[in-house]
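Remarks on the structure that follows.
The values are calculated or read from the model by the stated rules, or taken from the named source; none is laboratory data. Computed from a predicted structure; not experimentally measured. All Cβ positions, glycine included, derive from the backbone under ideal geometry; neighbour counts span all protein chains shown. The accessibility values were calculated without ligands, DNA or RNA, using every heavy atom of the protein model including side chains. Shrake-Rupley method; radii C 1.70, N 1.55, O 1.52, S 1.80 Å.
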Amino acid sequence: MRQYKIAAIPGDGIGSEVIAAGVEALLACAARDAGFQLVFEHFDWGSERYKRTGAFMPPDGLARIRQHDAILFGSAGAPDVPDHITLWGLRLAICQPFDQYANVRPTRILPGITSPLRQVSGPELDWVIVRENSEGEYAGVGGRVHRGLPEEAATDVAMFTRAGIQRIMRFAFNLARSRPRKLLTVVTKSNAQRHGMVLWDEIALEVAREFPDVGWDKMLVDAMTMRMVLRPDSIDTVVATNLHADILSDLAAALAGSLGIAPTANLNPERSFPSMFEPIHGSAFDIMGKGIANPIGTFWSGVMLLEHLGERPAADRLMRAIERVTADKSLHTPDLGGPATTRAVTTAVCEALLGDNR
Ligand code: NAD
Ligand code: MN
């Protein structure tokens, strides 16, 4: 029997609630399938550990998860720790050294869920946003000098490299090619940012020539927000920089019903390092500990994890279970306007999995 080792890192806030739910659903999924087994190893890395020991993960942390087949991550962020410390101390401390440069964020309107967009019932909105996940605005290049003085200055330099742009463009064109519409939108801001973003555009054009069968267009990021709201059906696959895609994907999640359902995969496509799967939402301080966090984003991330492992039938089965549950409005959590708890949704998904005879 195939066996996969998964590192579970719940992190902070509702991270622990949704990851517990996600592990339960994935184990139910593996139990339903005779072909493979999932072995979870749990890591208590996060803000509590940071406050206790001064570090989010132990010094040999990366080495301890280096050989795992995948990572399931919750959220990094606590009310009493500055956000840039948590993000760089935990999530980016894994993404960057493991070179998870392709961040994939599918968005569509699941059965039973209502989009805030008028006249959008489902098929009009079916997107995958590809986020460059290793450089750009979040490269970490910059500094701060003359602290506290009137001449205090700070910079964050957006860094773009030919190699970095080339690999994300190739990844995005390939992904667009694998989808029925074969359509890619390259998001840019090369009117205002005349160095890095112009290189971005030039390399998009070069890579596009390698994919003559994929239709593509280019869109300034501000205009892209309008297009997402006004003409969602004109979009299929999207590629954007680290910052732009971060923002656009929260908008996408809201247009598809709630941030709580949106999944993501931080992929190292060459598989030199483990890839990491997580809901796109954060710690949700306003609802943590209440038992009402929507676990669907984590379940859908679990689908992406299973796809990455090559367990396609199990991935499809988990997706069908998710859709059967979202179709029932009494199983919607409060972010979707329903009365359900994390527990109720998790139990329902596990039951749907066991009842799936396909
Ligand atoms: P957030 O995603 O935590 O919350 C935004 C809003 O969405 C809140 O009202 C929250 O209740 C709601 N929400 C989010 N997930 C939900 C779910 N599963 N079910 C129901 N409602 C949900 O974003 P924020 O408030 O900007 O950030 C809070 C903390 O999380 C900050 O410390 C931030 O840095 C961190 N954060 C971490 C990540 C990550 O680790 N990947 C991502 C985003 C934010
Ligand atoms: Mn974000």
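Among the residues of region 14-34, just one is open to solvent by 20 Å² or more (accessible area, probe 1.4 Å), in contact with a helix residue (DSSP H, G or I) (Cβ under 9 Å, 6 or more places away or on another chain) and in a loop (DSSP other than H, G, I, E, B), namely Asp33. When we screen Ser301, Ser272 for residues that are within 16 Å of ligand 2 (Cβ to nearest atom) and not charged (D, E, K, R), the only hit is Ser301.
Of the residues in region 324-342, not one is surrounded by fewer than 19 Cβ atoms within 10 Å (Cβ to Cβ), within 11 Å of ligand 1 (Cβ to nearest atom) and under 16 Å from the mean Cα position of the chain (by Cα).
Does Arg320 qualify as being under 24 Å from the mean Cα position of the chain (by Cα), closer than 23 Å to Ala34 by Cβ, more than 16 Å from ligand 2 (Cβ to nearest atom) and assigned to a helix (DSSP H, G or I)? Here the answer is yes, as Arg320 does meet what is asked. The set of residues in region 241-263 being within 16 Å of ligand 2 (Cβ to nearest atom) and either in contact with a Pro (Cβ under 7 Å, 6 or more places away or on another chain) or of a type in the set (Gly, Ala, Ser) (or both) consists of Ala245, Ser249, Ala252, Ala253, Ala254, Leu255, Ala256, Ser258, Gly260, Ala262, Pro263. Taking region 54-146 and the helices (runs of 4 or more DSSP H) fully enclosed by it, the elements with 2 or more residues that are within 16 Å of ligand 2 (Cβ to nearest atom) and within 26 Å of Val221 (Cβ to Cβ) are at 83-86, 92-95. When the residues of region 237-257 are filtered to those that are open to solvent by less than 10 Å² (accessible area, probe 1.4 Å), outside any strand (DSSP E or B) and not aliphatic (A, V, I, L, M), the one that is nearest to Met219 (Cα to Cα) is Thr241.
Go through region 190-220 and give me each residue that's in a loop (DSSP other than H, G, I, E, B) and either of a type in the set (Val, Ile, Thr) or surrounded by 14 or more Cβ atoms within 10 Å (Cβ to Cβ) (or both). If the condition is that a residue be in a loop (DSSP other than H, G, I, E, B) and either of a type in the set (Val, Ile, Thr) or surrounded by 14 or more Cβ atoms within 10 Å (Cβ to Cβ) (or both), then Ser190, Gln193, Phe211, Val214 are the ones that fit. For the condition touching an Asp or Glu at 6+ places or on another chain (Cβ under 7 Å), more than 15 Å from ligand 1 (Cβ to nearest atom) and of a type in the set (S, T, N, Q), Asn242 does not qualify.
Taking the criterion of being surrounded by fewer than 21 Cβ atoms within 10 Å (Cβ to Cβ) and polar (S, T, N, Q), the residues of region 72-117 that qualify are Gln96, Thr114, Ser115. Taking (1) modelled with pLDDT of 95 or more; (2) surrounded by fewer than 18 Cβ atoms within 10 Å (Cβ to Cβ); (3) assigned to a helix (DSSP H, G or I) in turn, Ala176 satisfies each apart from (2). Residues being closer than 30 Å to Gly337 by Cβ and either without any contact (Cβ under 8 Å) to a residue 12 or more places away in the chain or touching a helix residue (DSSP H, G or I) at 6+ places or on another chain (Cβ under 7 Å) (or both) are entirely absent from region 48-66. The listed residues are Val187, Val120, and the only one of them that is open to solvent by less than 80 Å² (accessible area, probe 1.4 Å), closer than 21 Å to Ser249 by Cα, touching a residue at least 40 places away in the same chain (Cβ under 8 Å) and under 19 Å from the mean Cα position of the chain (by Cα) turns out to be Val187. Residues that are more than 20 Å from the chain's Cα centre (by Cα) and within 12 Å of ligand 1 (Cβ to nearest atom) do occur in region 292-306.
For region 303-332, a tally of residues being touching a Phe, Trp or Tyr at 6+ places or on another chain (Cβ under 7 Å), among the β-branched types (Val, Ile, Thr) and closer than 22 Å to Asn268 by Cα returns 0. Scanning region 38-55 for residues that are open to solvent by less than 20 Å² (accessible area, probe 1.4 Å) and either over 24 Å from Gly302 (Cβ atoms) or touching a Ser or Thr at 6+ places or on another chain (Cβ under 7 Å) (or both) yields one hit, Ser47.
For region 267-288, the criterion of being more than 12 Å from ligand 1 (Cβ to nearest atom), of a type in the set (A, V, I, L, M, F, W, C), part of a helix (DSSP H, G or I) and out of contact with any strand residue (DSSP E or B) (no Cβ under 8 Å at 6 or more places or on another chain) is satisfied by no residue at all. Starting from residues that are aliphatic (A, V, I, L, M) and not in a loop (DSSP other than H, G, I, E, B), keep the ones in region 147-165 and report whichever is least open to solvent (accessible area, probe 1.4 Å). Filtering region 147-165 for residues that are aliphatic (A, V, I, L, M) and not in a loop (DSSP other than H, G, I, E, B), the one least open to solvent (accessible area, probe 1.4 Å) comes out as Ile165.
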